[in-house]
Amino acid sequence: MAGRLLRISSLATAVFASSGFYLNNRPLDLNDLSVIRFGRAAATTAVISFDYLTAFRHVECGTEEYRALKSQVHQRSAERLRDLCCANRGTFIKVGQHLGALDYLLPEEYTSTLKVLHSRAPQSSMEEIQQVIREDLGKELADLFVSFEEKPRGAASLAQVHKAVLHDGRTVAVKVQHPKVQRQSSKDIVVMEVLLTAVHWLFPDFTFMWLVEEAKKNMPLELDFLNEGRNAEKVADMLGHFPFLKVPMIHWDLSTRRILTMEFAEGGQVNDRDYMKEHGINVNEISENLGKMYSEMIFVHGFVHCDPHPGNVLVRKSPRTQKTEIVLLDHGLYQVLQPDFRLDYCRLWQALIRGHMAGVERYSRRLGAGDLFPLFTCMLTARSWTAVNAGISSVPVTNSEDVEIRTNAGLYLPQISELLNRVPRQMLLLLKTNDLLRGIETTLQTRAASSSFINMSRCCIRALARHKRSKAASRRRRLQVTLSECVSLWKLSMFEGFLWLKGSLMVQWISALLGFLP
């Protein structure tokens, strides 16, 4: 027995000594340890849960005091969640950014607090960037580039972008993945799943498991930069008929799963009104072109860029033509819409624009909303139920309506959670995309412009006509569908022309002049 204990103690000493030598010769970041990351997340979840469980014990529900206290608890919890995302970085920041984009789906305290995560992304050191390039491309920086800016042009939750110059003189943007993200992401998602399950057990009304399911499905795609390059080329070809769209060209010889090298394109963020004013860029033109682009992606092709936050959408004057361009970046996350889903979504938006409530209910139910279809349509359009009933294209957006929607988002959080678990998974990224686009329109002060509804209607008409033609049994039927499509598009163009004429300065001048005549 003594000999066995001696051998065990000797082995343990050797293990500890070798571990100490290994850790001493290898820089250790405690944040890399799964137990630290899990412990931090578990502690934050426990504190937030305890706050919600105990804060309202002595306050009567529905009173002004209750509403004020609820807002305070939301704010404290949002700040704790933000701090957790910043500490654990990587996947946590990515999911936090997703939550921050869900305007009208989450209380305002959460969305406004988590929005800052877009500017709080971590940065990898130059040594780490060089190591990734060395491992993936097999060469040193000097062998690949004439120059390579050490300070990144942009840093995101999963990667950062550096400007560089190739030996043939071409300027490129090199997107390099943070070295630890690939290894940590799968473990982080398991942590989130465990903790959200625990929260759901404590608060049965809290059913946000859809968030983890989406992260589990989408994170591997976003971490594969070759997939991002293929998406970029596909959307550039698909929307090549739009002269205002610029998708940077991919340099495949300098790209891997962790490195994406592309044509360098400068510009201002799409929500930067000062940049647009300085460079003579028309905000209404940008908003209209953005709407055309996304309507085409969603309704006609069913291949949708799902991360249009301002850092991924740049505007500029083309260096070659001096015409206004939209530069679309970050093609890691796309949603492919199933044909039946896409067509029902087309029909729903047509009904919403026209105020056709029977159609609104029918297609909302077909998209999985069930009896919660009024809440679903309000979430989808960010409009009140009154505006939806009247037809969203005919009722202007007001500040009081926005306040009403934000207030209701907090009141109906359990129903929102239930709805998000009920609708098809494809709908979740569309809701996120809608909210990001709506945020851009709000900043540009072009929200709910008539041109956006006209562009959506035009794409819906084309998509439905294409579907009917594919199902037509005879040439005569296909001709009927095509003629009907042409008439509908012509009516839409006439209406668009009428709106332009009505709003033109010439008509206003003539009307004012006629007012002076007897």
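The values are calculated or read from the model by the stated rules, or taken from the named source; none is laboratory data. Note that this is a predicted model, so its numbers are computed, not measured. Here the Cβ is made from the backbone with ideal geometry for all residues, glycine too, and neighbour counts use every protein chain on show. Surface areas here come from the heavy atoms of the whole protein model, side chains and all, with no ligands, DNA or RNA. Shrake-Rupley method; radii C 1.70, N 1.55, O 1.52, S 1.80 Å.
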Item to complete: Test F56 against the stated conditions and say whether it is modelled with pLDDT under 90 and part of a helix (DSSP H, G or I).
Response: no
Worksheet item: Out of the range 449-491, which residues are touching a residue at least 60 places away in the same chain (Cβ under 8 Å), open to solvent by 40 Å² or more (accessible area, probe 1.4 Å) and closer than 26 Å to R438 by Cβ?
Response: R458, R462
Practice prompt. Kindly check whether there is at least one residue in the range 284-293 that is in contact with a strand residue (DSSP E or B) (Cβ under 7 Å, 6 or more places away or on another chain), open to solvent by 20 Å² or more (accessible area, probe 1.4 Å), more than 23 Å from K175 (Cβ to Cβ) and not basic (K, R).
Written response: yes
Worksheet item: Consider V212 against the criteria (1) open to solvent by less than 20 Å² (accessible area, probe 1.4 Å); (2) touching a residue at least 40 places away in the same chain (Cβ under 8 Å); (3) under 18 Å from R40 (Cβ atoms): it satisfies all of them except one. Which criterion is unmet?
Response: (2)
Worksheet item: When you scan the range 109-136, how many residues do you find that are of a type in the set (S, T, N, Q) and not in a loop (DSSP other than H, G, I, E, B)?
Response: 6
Discussion item. Checking the conditions here, which among D330, D340 is more than 27 Å from Q269 (Cβ to Cβ) and of a type outside the set (S, T, N, Q)?
Written reply: D340
Item to complete: Go through R273, R230, R258 for me and flag whichever is touching a Ser or Thr at 6+ places or on another chain (Cβ under 8 Å) and among the basic types (K, R).
Response: R273
Discussion item. I'd like to verify a number: residues in the range 59-75 that are loosely packed, with under 10 Cβ neighbours inside 10 Å and either hydrophobic (A, V, I, L, M, F, W, C) or modelled with pLDDT of 90 or more (or both), how many?
Written reply: 1
Item to complete: Any residue in the range 33-46 that's closer than 16 Å to L196 by Cβ: show its pairings with residues that are open to solvent by 30 Å² or more (accessible area, probe 1.4 Å) at Cβ separation under 8 Å, as long as the two are six or more apart or on different chains.
Response: R37/K187; R40/A87; T44/R80; T44/L81; T44/D83; T45/A198
Worksheet item: Among the residues of the range 84-103, is any within 19 Å of V199 (Cα to Cα) and among the basic types (K, R)?
Response: no
Fill in: One residue from I416, I440, I461 being in a helix (DSSP H, G or I), touching a Leu at 6+ places or on another chain (Cβ under 9 Å), among the hydrophobic types (A, V, I, L, M, F, W, C) and at pLDDT 85 or above
I461
Worksheet entry | Residues (surrounded by fewer than 20 Cβ atoms within 10 Å (Cβ to Cβ) and modelled with pLDDT under 80) located in the range 112-121 | H118, S119, R120
Item to complete: Considering only the range 236-268, state which residues are over 14 Å from V161 (Cβ atoms) and among the polar types (S, T, N, Q).
Response: T256
Fill in: Residues that are at pLDDT below 85 and of a type in the set (F, W, Y), drawn from the range 205-232
F206, F208, W210
Response to the item:
Flagged in the range 132-149 as exposed (fewer than 12 other Cβ atoms within 10 Å of the Cβ) and among the acidic types (D, E), in numbering order, are E140, D143
Worksheet item: Among (1) closer than 17 Å to Q415 by Cα; (2) crowded, with 20+ Cβ neighbours inside 10 Å; (3) modelled with pLDDT of 85 or more, where does Y363 come up short?
Response: (1)
Response to the item:
For the range 375-427 the number of residues that are of a type in the set (F, W, Y) and open to solvent by 20 Å² or more (accessible area, probe 1.4 Å) is 2
Worksheet item: Can you tell me which residue in the range 72-95 is nearest to R406 (Cα to Cα), limited to those that are in contact (Cβ under 8 Å) with a residue 60 or more places away in the chain and outside any loop (DSSP other than H, G, I, E, B)?
Response: H74
Practice prompt. Collect the residues in the range 185-202 that are among the polar types (S, T, N, Q), under 22 Å from the mean Cα position of the chain (by Cα) and open to solvent by 20 Å² or more (accessible area, probe 1.4 Å), keeping them in residue-number order.
Written response: S186
Worksheet entry | Any chance V336 is in contact (Cβ under 8 Å) with a residue 24 or more places away in the chain and within 19 Å of the chain's Cα centre (by Cα) | yes
Worksheet item: Taking only pairs six or more apart or across chains, which ones have beta-carbon atoms under 7 Å, a first residue in the range 257-282 that is surrounded by 15 or more Cβ atoms within 10 Å (Cβ to Cβ), and a second residue that is part of a loop (DSSP other than H, G, I, E, B) and of a type in the set (S, T, Y)?
Response: T261/S255
Discussion item. Could you check the range 240-253 and list, in sequence order, the residues that are open to solvent by 90 Å² or more (accessible area, probe 1.4 Å) and part of a loop (DSSP other than H, G, I, E, B)?
Written reply: H241, P243, M249
